[in-house]
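See below for the structure under consideration.
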Amino acid sequence: MGDVVRRRLLISGRVQGVYFRDSVRREATLAGVFGSARNLADGRVEVVLEGEATAVGSVVEWCRKGPSRARVDAVEIVSEPPEGASGFVIG
């Protein structure tokens, strides 16, 4: 297993009401990545990913496109120290 990393993503565009949160949960679970996804009041989606660096990177790349009904305009990524996350929570 490689280094564990944590990334906080702020995703803007048409990302609410298009199953973004559930889709990213599915992608993260398949990649063995833990974290959370929630809608923000300003129309963005916040996604937190924690896991092996390569797996997190693959989910981050997926987030740049999102599910078929989404339109991702921008993804802001912040690196954070790992917190030992487990599971994936949709808020």
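The values are calculated or read from the model by the stated rules, or taken from the named source; none is laboratory data. Keep in mind it's a predicted model, so treat the numbers as computed, not measured. Cβ atoms come from the backbone with ideal geometry, glycine included; neighbour counts cover every protein chain shown.
In this entry, A74 is excluded by the filter for residues that are farther than 12 Å from V4 by Cα and under 9 Å from the mean Cα position of the chain (by Cα). Listed conditions (1) in a helix (DSSP H, G or I); (2) within 9 Å of the chain's Cα centre (by Cα) are all met by L9, apart from (1).
Taken over segment 1-31, the criterion of being in contact with a Pro (Cβ under 9 Å, 6 or more places away or on another chain), in contact (Cβ under 8 Å) with a residue 60 or more places away in the chain and buried (at least 19 other Cβ atoms within 10 Å of the Cβ) is satisfied by V5, R6.
Residue count for segment 12-34 under the criterion of being over 19 Å from S79 (Cα atoms), β-branched (V, I, T) and either at pLDDT below 95 or in a loop (DSSP other than H, G, I, E, B) (or both): the result is 2.
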